[in-house]
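Take a look at the structure set out below.
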Amino acid sequence: MIAQPHFSVEPWAVTEEALDFDMLAQSESVLALSNGHIGLRANLDEGEPFGMPGTYLNAFYEVRPLPYAEAGYGYPEEGQTVVNVTNGKLVRLLVDDEPFDVRYGELVSHRRTLDLRAGVLRREVHWRSPAGREVKVRSVRLVSFVHRSVAAIRYEVEPLDGETRIVLQSELVANEDVPARSEDPRAAAILASPLVSESHATHELRAMLVHRTRESALRMAAGMDHEVEGPQGTVTENESWDDLARVTVSAEVGHGETLTLTKYLAYGWSSQRSMVSIRDQAGAALASARRTGFAGLLEDQRGYLDDFWERADVDLDGDDELQQAVRFALFHTLQSAARAEKRALPAKGLTGDGYDGHVFWDTESYVLPVLTYTAPDAVRDALAWRHSTLDLATERARTLRLEGAAFPWRTIRGHECSAYWPAGTAAFHINADISDAVLRYLNATGDEDFARGAGLELLVATARLWRSLGHHDARGAFHIDGVTGPDEYSAIADDNVYTNLMAARNLAGAAECCARHRRHATALGVDDEEMAAWRDAAAAIAVAFDDELGVHQQSAGFTRHERWDFDATTPDEYPLLLHFPYFDLYRKQVVKQADLVLALVACGDRFSAQEKARAFAYYEGLTVRDSSLSACTQAIVAAEVGHLELAFDYFGEAALMDLDDLEHNTRDGLHMASLAGSWLVAVLGFGGFRDHEGAFSFAPRLPPHIERLAFGLMLRGRRLRVEIVAGEARYELVDGEPLELRHDGTAFTLEGGSPQTFPWRAPKPGAAPEQPAHRAPSRRRPRGSG
């Protein structure tokens, strides 16, 4: 294995070979476990020391007021913050009355491994107490993909120097102390003691705590049950209070013996059901977990992941570090959504409380594209969550004096939670991002039931927003003025190209879907006149272009702004948002994250190859990547226009964002969009995969450092496998009916049992583009060869 600065490089695991106290918070995020419903940060089993404690239930939040120095019409009044719920990870250990604490005595060895195939976190510790007693501790932790409400831990202690008094304390703890955070606006608000006790109880080796939040009035139950394997004479006790339940196991453990505690955890929550109902739900989940047993939970977990990796794995030769990183990214992308089941997919998943646990447009634009082609059921559920908030989005549109629905920029439940309206309310492109995710899902799956129901309602509501927000000028062009596009360093702009083109897709897609499902569209009040108005607006959408420079403008007039003085900006003044006023950023040519360049990917069929090359070169010199969303997009377009070395550099940045803590804030949770983006680079960038209007095409191009790339896709119920090597691409239909595809513009039909191979050639790139001073990506040096 090749040593990284902190994690070892392995094809199917991420291993921390030693415990570094300065890395605790980052490791807690990187090694976190989740199934989209429950999230457990990788805090040590004993609870201390920690970087940031964290146990999360998807969409379980508390509300807090949003203060304003000067109020204004339509400003959101309340924010929402994810709650650190009852911690069930804790298993404290005492060795001859000495608490096991890695800060004391001698930590002879300490190793933790996130197993990407088995879906578990393993830990192996050799500790010598201050009194000289030695023990080995082994633990295995999982959050079940199959049993949605269940997590489990097996904790084993082995004395190494004769008979030893061992005590284990397995706990449920609510209202843990949370350390103070930085003033970085991307960090979470601190909520002190957000949970109010409603019930606590114990029975044999089972315990249950029920709490509710003070303001949002959400109710949750956390339960634990245990199996104990130990020498004769092992004794157990059970007790509980409002915020603490504890099962204590004590034994005299001799040489060659072990004391093993298996802990089953179950969580349930609701905004409507009674305390008794929630308590009994958690109790039932515990009973199911006990019946399955720990070995059964492990078997179910492995089976679930075997199926996922068989259809979704990305296999590359030439860089072992990136091989590990892209699988790590896919694993966490799956963890964020697998059992979310009509809940939001937060920007940090359930790995940390950064951004208060909010969901943004990142979900639809970065995470859902990956899941659409690898785990489409999770996409349907995620879009069903958006649909469940349609009433709130409709109410928000009415507040803004608009028609249709105005989906929130940041939220947990569906209410707008951004207190800064230029970056929040004005970023209407979230509507088009949601509709784009709907259209992509329908194109990739052919799910007509969804198309007739929630999908159609989402498309209609978002299309109505654009028709009321935009206007036709005297010449008939359709403009959308005063909006904020993906680039948050440019606010309240006219005719943002990304927003306009995505809105046009929304309008045209809604009209087409309504025409296909007329009876259901009529029930929504859609008639031929409204559909014609949508089509007219889509066809007449304004697309800003600078004739003098020969490039598309990010928004109307953008290329006439003064260029940011990059030479006068020092490396420690990035990210700019923490060092310069937004007013100054808004009036200059400086780009936080890919915006026009993102349009080249999302709406690539609206640009010629020459236009893409010129636009990429121009905006590359303005983009500072103060957002983790940018590197993957720049990599995709760099690959498309032929800058393969640059694409490879950006690929490394996107894939290693959290393993290498490139933005120094992985402690707050993983960057889910960047992780998902590493898959997008591999498949859309180097695989050249595109899905425009339901037509699937490929234009492969490998950078020199990748010798081979293979990946799987789910397309309309078929399983496809693509393998690319130098100059050649092979397509195989693993199962399903024949499929129509295109390779470099050549149409072909792929049938099962008849793989097809085609040659490919990357385009000749123009002059290498330059990045702003101090903002070029690090040159990628491949580490190892698969």
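List the lysines whose Cα sits under 27 Å from the Cα of K592, skipping any in the same chain fewer than 8 residues away.
Cross-link targets: K348, K612.
With the Cα gyration tensor of segment 542-653 giving a ≥ b ≥ c as the square roots of its eigenvalues, does the rule (a/c under 1.5 for rounded; else a/b larger than b/c for prolate; else oblate) give rounded, prolate or oblate?
In terms of gyration-tensor shape, oblate.
How big is Rg to Rh over segment 589-706, alpha-carbon atoms, Rh as the Kirkwood inverse-mean-distance radius?
When Rh is taken as the Kirkwood radius, the ratio is 0.96.
Give me the Kirkwood hydrodynamic radius of segment 202-256, using the inverse of the mean 1/r over all pairs of distinct Cα atoms, in Å to one decimal.
13.3 Å
For K136 and D527, calculate 0.36 nm times their separation in residues minus their Cα-Cα distance, and state this gained length in nm to one decimal.
133.6 nm
In segment 240-296, how does Rg compare with the Kirkwood Rh, expressed as the Rg/Rh ratio over alpha carbon atoms?
Rounded to two decimals, Rg over Rh is 1.11.
Tell me which residues come under 5 Å, amide H to amide H, from E198 once H is placed; ignore anything under 5 positions away on its chain.
For E198, whose amide H was placed from the backbone, the distant partners under 5 Å are V210, H211, R212.
Using Cα centres only, tell me the gap between segment 410-437 and segment 686-704 in whole Å.
Cα centroid to Cα centroid, the span is 29 Å.
Using only the alpha-carbon atoms of segment 251-335, report the extent along each of the three principal axes, biggest first, to the nearest angstrom.
Cα spread of segment 251-335 along its principal axes, largest to smallest: 54, 52, 19 Å.
Rounded to whole Hz and in sequence order, give me ³J(HN,Hα) for segment 770-777 from the Karplus expression 6.51 cos²θ - 1.76 cosθ + 1.60, θ = phi - 60°, writing x for Gly and Pro.
Ordered by residue, 3J(HN,Hα) equals 9, 9, x, 3, 6, 10, 5, x Hz.
How much of the pair distance distribution for segment 15-166 lies past 18 Å, counting alpha-carbon pairs only, in percent?
Counting every Cα pair in segment 15-166, those more than 18 Å apart make up 63 percent.
Give the dimensionless ratio obtained when the Cα radius of gyration of segment 83-223 is divided by 2.2 N^0.38 Å.
1.26
Return, for the Cα atoms of segment 505-577, the radius of gyration and Dmax in Å, separated by a comma.
Cα radius of gyration and Dmax of segment 505-577 are 21.2, 61 Å respectively.
Over all pairs of distinct alpha carbons, what does the Kirkwood formula give as the hydrodynamic radius of segment 478-530, in Å?
Result for segment 478-530 stands at 12.7 Å.
Given a Förster distance of 35 angstrom, what is the FRET efficiency for E78 paired with D494, based on the Cβ-Cβ distance and rounded to 0.05?
0.65
Can you tell me the equivalent ellipsoid semi-axes for segment 432-520? Use √(5λ) from the Cα gyration tensor, largest first, whole Å.
26, 15, 9
For the chain, what's the relative contact order in percent, using C-alpha pairs closer than 8 Å and at least 6 residues apart?
Worked out over the chain, it gives 12 percent.
Could you tell me the distance between the Cα centroids of segment 549-580 and segment 327-381, to the nearest Å?
Computed from Cα coordinates, the inter-centre distance equals 31 Å.
Accessible area, 1.4 Å probe, largest first: how do D362, D572, D300 sort?
Listed by decreasing accessible area, they come as D572, D300, D362.
Please list log₁₀ I(q)/I(0) at q = 0.11, 0.13, 0.15, 0.16 Å⁻¹ for segment 185-278, using the Debye equation with identical point scatterers on the alpha-carbon positions.
Rounded to two decimals, the profile gives -0.45, -0.58, -0.70, -0.75.
How big is D for segment 491-616, in µm² s⁻¹ as a whole number, if Stokes-Einstein is applied with the Kirkwood radius of its Cα pairs at 37 °C and 0.692 mPa s?
Estimated via Stokes-Einstein, D reaches 194 µm²/s.
Eigenvalues of the Cα gyration tensor times 5, then square-rooted: what semi-axes does that give for segment 387-477, in whole angstrom, largest first?
Over the Cα atoms of segment 387-477, the semi-axes work out to 22, 19, 12 Å.
Rounded to the nearest 0.05, what FRET efficiency do H255 and R779 give with R0 = 60 Å and r taken as the Cβ-Cβ distance? Could you check?
In this case the efficiency is close to 0.65.
Could you pull the Rg and Dmax for segment 653-713, using just the Cα atoms, both in Å?
14.0, 41
Rank by packing, highest mean first: peptides 763-775, 307-319, with packing defined as the count of other Cβ atoms within 10 Å averaged across residues.
307-319, 763-775
For a protection proxy built on the mean count of beta-carbon atoms within 10 angstrom, sort 88-95, 292-299 highest first, please.
Ranked by mean Cβ neighbours within 10 Å, highest first: 88-95, 292-299.
Any chance you could look up the accessible area of C513 with a 1.4 Å probe, heavy atoms only, rounded to 10 Å²?
0 Å²
From the backbone phi of segment 362-368, what are the Karplus-calculated ³J(HN,Hα) couplings (6.51 cos²θ - 1.76 cosθ + 1.60, θ = phi - 60°) in whole Hz, Gly and Pro given as x?
For segment 362-368, the Karplus-derived couplings read 3, 4, 6, 8, 10, 7, 5 Hz, x marking Gly and Pro.
What is the Cα coordinate range of the chain on the first, second and third principal axes, sorted by size from largest, in whole angstrom?
Its Cα atoms span 88, 59, 56 Å along the three principal axes.
When 1/r is averaged over all different Cα pairs and the result inverted, which Kirkwood radius in Å belongs to segment 158-315?
18.4 Å
Once the dipole of the chain is set up with Lys and Arg at +1 and Asp and Glu at -1 on Cβ about the Cα centre, which of Y304, G652, S678 lies farthest towards its positive end?
Y304
Please state the shape class of segment 65-145: rounded when a/c is under 1.5, otherwise prolate if a/b exceeds b/c and oblate if not, all from the C-alpha gyration tensor.
Prolate, because a/c is 1.5 or more and a/b exceeds b/c.
Show me the ranking of peptides 583-589, 334-340, 710-716, 469-475 by mean Cβ neighbours inside 10 Å, starting with the highest.
Highest to lowest by the protection proxy: 334-340, 710-716, 583-589, 469-475.
Could you compute how much accessible surface W241 exposes when probed at 1.4 Å, giving the result in Å² to the nearest 10?
Its accessible surface works out to 110 Å², give or take rounding.
In whole Å and largest first, what semi-axes does the C-alpha gyration tensor of segment 8-96 yield when each eigenvalue is scaled by 5 and square-rooted?
34, 17, 14
Given the C-alpha centroids of segment 438-467 and segment 38-111, what is the distance between them in whole angstrom?
Their Cα centres are 38 Å away from one another.
Taking H placed 1.01 Å from N in the peptide plane, check which residues at least 5 places from E163 or on another chain put their amide H under 5 Å from its amide H.
H255
How much accessible surface area, in Å² rounded to 10, belongs to the heavy atoms of E77 with a 1.4 Å probe?
Counting only protein heavy atoms, E77 exposes about 150 Å² to solvent.
Could you give the spread of the C-alpha atoms of segment 551-615 along their three principal axes, from largest to smallest, in whole angstroms?
Rounded to whole Å, the extents work out to 38, 22, 19 Å.
The values are calculated or read from the model by the stated rules, or taken from the named source; none is laboratory data. The structure presented is a predicted model; accordingly, all values stated were derived computationally and were not measured. We place every Cβ from the backbone using ideal geometry, glycine too, and count neighbours over all the protein chains shown. Side chains are part of the model used for accessible areas, which takes the heavy atoms of the whole protein and leaves out ligands, DNA and RNA. Shrake-Rupley method; radii C 1.70, N 1.55, O 1.52, S 1.80 Å.
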